[in-house]
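The values are calculated or read from the model by the stated rules, or taken from the named source; none is laboratory data. All values derive from a computational prediction rather than experimental measurement. Cβ coordinates were reconstructed from backbone atoms using ideal geometry, including for glycine residues, and neighbour counts include every protein chain displayed. Areas reflect the complete protein model, heavy atoms only, side chains present, ligands, DNA and RNA absent. Shrake-Rupley method; radii C 1.70, N 1.55, O 1.52, S 1.80 Å.
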Amino acid sequence: MKTNPGRFFEDYVLGETIVHAVPRTVSGGERALYHALYPARGALYSSDAFARACGLPQSPVDDLIAFHTVFGKTVPDISLNAIANLGYAEGRWLLPVYPGDTLRSESTVIGLKENSNGKSGVVYVRTRGLNQHGEAVLDYVRWVMVRKARATPAPEPVVPSLQSVVSPEALVVPAGLDFSTYDFALAGERHRFGDYVVGERIDHVDGVTVEEAEHMLATRLWQNTAKVHFDATFREDGKRLIYGGHVISLARALSFNGLANAQVMVALNAGAHANPCFAGDTVKAWSEVLDKAPTAAPGVGALRLRLVAVKQSAAPFALRDEAGRYLPEVLLDLDYWALVPL
Amino acid sequence: MKTNPGRFFEDYVLGETIVHAVPRTVSGGERALYHALYPARGALYSSDAFARACGLPQSPVDDLIAFHTVFGKTVPDISLNAIANLGYAEGRWLLPVYPGDTLRSESTVIGLKENSNGKSGVVYVRTRGLNQHGEAVLDYVRWVMVRKARATPAPEPVVPSLQSVVSPEALVVPAGLDFSTYDFALAGERHRFGDYVVGERIDHVDGVTVEEAEHMLATRLWQNTAKVHFDATFREDGKRLIYGGHVISLARALSFNGLANAQVMVALNAGAHANPCFAGDTVKAWSEVLDKAPTAAPGVGALRLRLVAVKQSAAPFALRDEAGRYLPEVLLDLDYWALVPL
Amino acid sequence: MKTNPGRFFEDYVLGETIVHAVPRTVSGGERALYHALYPARGALYSSDAFARACGLPQSPVDDLIAFHTVFGKTVPDISLNAIANLGYAEGRWLLPVYPGDTLRSESTVIGLKENSNGKSGVVYVRTRGLNQHGEAVLDYVRWVMVRKARATPAPEPVVPSLQSVVSPEALVVPAGLDFSTYDFALAGERHRFGDYVVGERIDHVDGVTVEEAEHMLATRLWQNTAKVHFDATFREDGKRLIYGGHVISLARALSFNGLANAQVMVALNAGAHANPCFAGDTVKAWSEVLDKAPTAAPGVGALRLRLVAVKQSAAPFALRDEAGRYLPEVLLDLDYWALVPL
């Protein structure tokens, strides 16, 4: 057979590195599309002049363009036969990505654990995004539950030890970044590092009703090939499941309203796609300040933020029920570090 | 509260200049998206080679990309709590915008008049779009009706004196523009300045049925944040109101068929969004030649045009009823100057 | 009348060359949109680094971007009053198109044959796409059935003699193309020239459900002005007909899964839009290897492929019924040559 059936649980080998296909050069086109698809307004990612005033050579593409592009390449090898996307950890953005850069991805299998039913197992991979110079721009761990196709013996279970949070010392601030003369008026809000308090929660107010055409345009742009996002005949209910990354980008863009200055994503500590999102849903978002830390860069602090995407029917700051389960209106629970001016 | 509640009528101060947030670098991406979103076919805005043959260094982005980008930045400060967008006047494009340019906006409050009900008032602003060199690329007056949030005393009413039409002497022709060797075959029509007669009306024939995904992609691209365009749960009828600028761009692009050579928008004399537009409407357009004027540039004349967007059910050249009110099928009545070859 | 009524059968003159309007500069924006609109994953068209490793100066835009752009320009002059798009022949891509290139089109009338009913006739044109240097980038023959508007005498019937297949010797391999160090891992599949057998058929497995917004964005991007694609009030059934080229691009992109290395389209031998496609259809694709040929370029072979697009309800490898008519589920039957590594 010439077509790619995807890998099954028994096809993964501990320690193996998989080179993912289809490298991708990004341009101003990807940036414009990102702004058309999401209400993204971070000034550093919108304006070359603003980026230069912050010490960068020009405006990078959104950190989530880098993430989705790197992630999309892994889909044919990692999650084509996945039953569930279970988690993320130890994600770090290592270098800004600029128009003209070419991204590719590779993943190393760092853990394998067959389920007791013998029909599936959990695969842990560490994925690296690399640019045209072979430099890592992004690094994260993801684990997925994957079907077995054949009755093979279970491998020795190996579950990697993962940090629940990227430590502030491990955050990589883009070289040259300097927020000491940050222009708060042009950025859109006056709130700085000192204005945010651990435990503070922010309702981002705005909402976006999602269309089929939009999430498919986005998901294709990242060259993500999972059938379930594109083919209405694939699921029994005739619905196209929206790529979880689309919800991440929507929520992150909505969080501008209250977190306009939390411009740079530097680490992804954890993430759960709590419930599926479908076209017609109106997505809203709220955030919680989980931690704060200084950085060595001039004028730059770091906020650890929980970003929660919910459907319009959710109660304020909805998250979990009394049993600790995500409420049905919750779509996403993301834990990340962002850089913010002092 | 960390989120932006927008300004209310009592928050505006006469003479104050508001710096709008989120500067924006435009690229070939915005241009490609503009061509995907609208049936735009002006050769000067489509081809570097054509633009060079007309004396420009390369093809600028569409004049309405500049307008929407500058306008979008004003929304969070000017019209987030607006009840109605009442009018435009004295709009002039002052410099072409090229890929790589960065646009930002600022507005000066030039008039304030509280309504007799004490619950709202009219705010007049003069908005300037500036490029990365601080040069003005666009300048226009807009007035909106804005809610009051608090029972404050009414300010001294000041209503600016505005010209009903930009005078031909005030039109700014892009430096170097030369239509003396204009290629009518490549531009798509043979009609020149002398072929248009004041009072002449042109039915542009073509129609476009509008989709939710399209107007949201466009409105986000201009970083316009008005909730009513994106959130189907915001209005009681569950409809998303289409940004008036989307209708302007649709109608202007449709007007290619009959006005292919009226390529360069140089002034916005007036504009009314006569009725709301919703997804599913099929938009058509007609134009009327209101005036003609020479310019000092070689081979370049100016046409003053009325551009009317209507729904598909409109009678030919529909505009107003006997009482002078816009007919319900009329979406837009725009009065502008365009440059055309002699 | 100032608007373009299009040409009718009696308006075409044998031997006449028509210069089509609205030249177009393509950029990274068109490329990004192409990837958003279609699940295109050819590495050569996705990555500058991959293209350089194959001997090209950078990644060209997709060959179908060139085709659609050139084709779109012909619509106002060739097919505005067309009843049917009857066929393609002798199509060849002659030069890669890079971001920054400006394309224009011209067509020569090479055949005319009035139908016996005296109400329409078939027009044959040879269309050339030219870049800003006046070099031909694409050349193809198309024939369409066009309405007559006036009762004129039938012209002397001239039907051009057309080759049913572009001969392998006539294929133009892009200068410098070298697949001798081709990276199969980065390209996404291991199959090379020798792995494909004449007569082999490949089911490309994936499907895409089409949305109105998507096909209209695409069709506008190519500045194709045919009303039937955009105006839901144009047809009696209220449906918008999807541009046949949208189906070509969808099917070609879907064919990545099994033909990832058949990267470069070099000839269009024939093509039939067997049945109309509408929003809501889920498009799938299959291919058949029709022929194989060597080329003079290092490491480069050519595959002649049949690409068939079908609706989701089609039986495997559906094509024709016993009477030789296309089955109703078949949307497209395309015959082309592609370059593949040896």
For peptide A:307-313, compute the average count of partner chain beta-carbon atoms within 10 Å of each residue's beta-carbon. 1
For region C:289-336 and region C:93-141, what is the centre-to-centre distance using only Cα atoms, to the nearest Å? 24
Sort out the exposed loop trypsin sites (Lys or Arg not before Pro) in chain B (DSSP loop, at most 11 other Cβ within 10 Å) and tell me the longest stretch that has none. B:1-149
Where only alpha carbons of chain C are counted, the Rg and the Dmax (Å): 19.7, 62
For all pairs of alpha-carbon atoms in region A:240-282, what percent lies in each bin of width 10 Å, listed from the first bin to the last filled one? 22, 51, 26, 1
With Cα atoms, 0 to 90° folded angle of helix B:244-254 axis to chain B main axis: 10
The relative contact order of chain B, taking Cα pairs under 8 Å that sit 6 or more residues apart, comes to a percentage of 19
Work out how much length B:THR181 to B:HIS133 would gain on full extension: take 0.36 nm times their residue separation and subtract the Cα-Cα distance, in nm to one decimal. 14.1 nm
Tell me: how much accessible area in total is hidden between C and B, 1.4 Å probe, Å², nearest 100? 2900
Compute the acute angle (0 to 90°) between the alpha-carbon long axis of helix B:212-221 and the principal axis of greatest extent of the alpha-carbon atoms of chain B; round to the nearest 10°. 90
Once you wrap a convex hull around the alpha carbon atoms of region B:1-135, what is its projected area averaged over all directions, in nm²? 10.2
Mind jotting down a quarter of the surface of the convex hull over the alpha carbons of region A:140-260, in square nanometres, one decimal? 13.3
Whole-Å distance linking the alpha carbon centroid of region C:223-271 with that of region B:1-65 is 31
Roughly to the nearest percent, how much of the accessible area of chain B is carbon and sulfur, given a 1.4 Å probe? 52
Based on the Cα atoms of region A:151-205, what semi-axes does the equivalent ellipsoid have, where each is the square root of 5 times one gyration tensor eigenvalue, given in whole Å with the largest first? 41, 18, 12
So if the hydrodynamic radius of region A:222-342 is defined as the Kirkwood radius over C-alpha pairs, what does Stokes-Einstein give as its diffusion coefficient at 20 °C and 1.002 mPa s, in µm² per second? 137
Set the bar at 18 Å for Cα to Cα. Now go through B:LYS73/B:LYS227; B:LYS227/B:LYS284; B:LYS284/C:LYS2; A:LYS227/C:LYS311; C:LYS2/C:LYS148; A:LYS227/C:LYS284 and name every pair that lies beyond it. B:LYS227/B:LYS284; C:LYS2/C:LYS148
What fraction, in whole percent, of alpha-carbon pairs in region B:1-57 exceed 12 Å separation? 80
Pairwise over distinct Cα atoms, reciprocal of the mean inverse distance: report the Kirkwood radius of region A:18-93 in Å, one decimal place. 14.5
What is the projected area of the convex hull of the Cα atoms of region A:291-335, averaged over all directions, in nm²? 4.3
Determine how many Å³ per residue the convex hull of the Cα atoms of the protein assembly as shown encloses. 174
Calculated FRET value between B:GLU322 and B:GLU16, using beta carbons and R₀ = 35 Å, to 0.05: 0.25
Label point 7 Å beyond Cα of C:GLU236 along Cβ direction - residues of region B:281-313 with amide nitrogen under 17 Å: none
So what is the relative contact order of region A:41-85, in percent, for Cα pairs below 8 Å that sit 6 or more residues apart? 22
Three principal axis lengths of region A:72-204 [C-alpha, angstrom, descending]: 62, 40, 27
Per residue of C:218-227, count partner chain C-beta atoms within 10 Å of its C-beta, then hand back the mean as an integer. 4
Measure nothing fancy, just the Cα-based angle from helix B:63-78's long axis to the longest principal axis of chain B, in degrees from 0 to 90, nearest 10. 0
